[in-house]
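Input: a single structure, listed below in structure tokens.
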């Protein structure tokens, strides 16, 4: 079974990932803790003179407090990975304030306790996802305890879990079912990954009461039908149900229960039929409510039918982060290379792409239709769900590059980085300019010769040289296997195999995206039909502009040059990912962003 390296054992040194990580770390360092915790203090009746935050953290927003949870998680992960004492102190300070704001009964949040009364009374009206926010707070507390050893954070998390348990044990089966059944479009009772974090809390404490509470959030209306092999994704809210799968997979890892594993495996198969070329998912529902969020975003449509899903609200960034976690767990179960390939596509084209190269802050949606533009969150005035998940994602962006299992180390992505493999007393540093350059060099450092295996994904390997000597490649189950006794300063030079190819939009005969290897490209500027382009001629039609930067050009029918660059490098430019190859595409509507915020969830 493969596992990830801990965050402090992988250090980035590349151009794209490390720079966005550092931008977010700077944002975390400079963020005013008093402003962050203002709404918690106000809710607890503690005076605060701090300037309130705006957007989804404003004092009149039902989701206020969710960002503080993600922030605490990110702060703790940065502090742990970088041994950063300033951020460790900052995380501990947040916990101290949370302790002051916690009620004697264990309740801790930035919104009134009475919001949960409203949820229990009305089930899915006049609240906005209170258990979603409580999940983020629990997650932040647990991450602070796990990463930084803060015992106070663990106590607050356990007390909050006990408080939630006390509420649920008073409710009937059908009342719980109503509160946690998120089958309507535009749901306001979304509860995030609270089941998953409760399973983590159970692993830490061994407390059966917490285990029983976690199991409450495993909803049979979804998992039971998936286990039975039924595709029930159509019209569901995507980022409500992705965490349900993560929790089910966590439950399987803790206690077995084959039904949870079966449900997750079936789910992934159904998800693939709703997945874009960037590896991510979510767009409009089939049975959408006009004017609501489901008209353009956040939901799943019919399997294999994405032809009308380029709405400007496709590919919610939160979904990318949760999909990566599902892929990671599927890979750890099976070791199958297909999950690594999907993970790499997602990592470059939806996770890295979610963050601005100038600020590190996130997009909510990642549009891929005609003449799209990106919109990133503001430092203090938006705080979308994807702002919060994006900040946390950048704090752990070094995960899923390297994996280990016994005497084997596996390289998943060509991202310049160093992995410290303590189990074998080995350090491996990767130097690469990928995707701009198709070479990678690995430097092995060992105090004495060490025998182990290095696995590379065979589909990306053209040739390998060890200490400048070519080697014959051994292929097993989709991997190049290099097994030898490595000495200090051994070098492995990898020639990477990548070429241009088209990825059709599922359900459309007219629209396709262009990829170079696993890197999704975007056409810059006004989009026109690209007739005559196919997988048979694309590597001749598109010309590499320069060797040091991944950039292609195509001479259009009007004589003008069309430029293609990686989607993750687009910042302010007008761009198109899915292009019309036939001239028959109906996607001629002008680009517009999807709505966000509670107004988009109003009932019709």
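When peptides 566-574, 260-268, 294-302 are sorted by average Cβ neighbour count within 10 Å, with the highest value leading, the order is 294-302, 260-268, 566-574.
Peptide packing for 55-65, 346-356, 468-478 was compared via the average number of neighbouring C-beta atoms within 10 Å per residue; ordered from the highest value, the list is 346-356, 55-65, 468-478. Highest mean first, the peptides 456-465, 543-552 sorted by other C-beta atoms within 10 Å per residue fall in the order 456-465, 543-552. When Kirkwood radius over Cα pairs in Å is calculated for this entry, the matching label among (1) 28.6; (2) 25.0; (3) 29.3 is (2). Beta bridges assigned by DSSP with both partners in the chain are antiparallel in approximately 95 percent of cases. Measuring from centroid to centroid over Cα atoms, what is the spacing of the range 313-347 and the range 33-112 in Å? For the range 313-347 versus the range 33-112, the Cα centre distance is 30 Å.
A Förster radius of 22 Å combined with the Cβ-Cβ distance from residue 86 to residue 11 puts the calculated FRET efficiency at roughly 0.75. Between residue 531 and residue 100, the simple spin-label model (points 7 angstrom out along Cα→Cβ) gives 7.0 nm.
Helical runs assigned H by DSSP (4 residues or longer) give the chain a calculated mean residue ellipticity at 222 nm of -11000 deg cm²/dmol, each run adding -39500 (n - 2.57) before division by the residue total. Shape class of the range 103-187 from the Cα gyration tensor (axes a ≥ b ≥ c, square roots of the eigenvalues): prolate, since a/c reaches 1.5 or more and a/b is larger than b/c. A simple spin-label model places the labels of residue 308 and residue 336 3.2 nm from each other, with each point 7 Å out along Cα-to-Cβ.
Over the C-alpha trace of the range 432-524, radius of gyration and Dmax come out as 17.2, 58 angstrom.
Every number here is computed from the coordinates shown, using simple stated rules; none is lab data. A quick note: this is a predicted structure, and the numbers were derived from the prediction, not measured. Here Cβ is always computed from backbone atoms with ideal geometry, including for glycine, and neighbour counts include all displayed protein chains.
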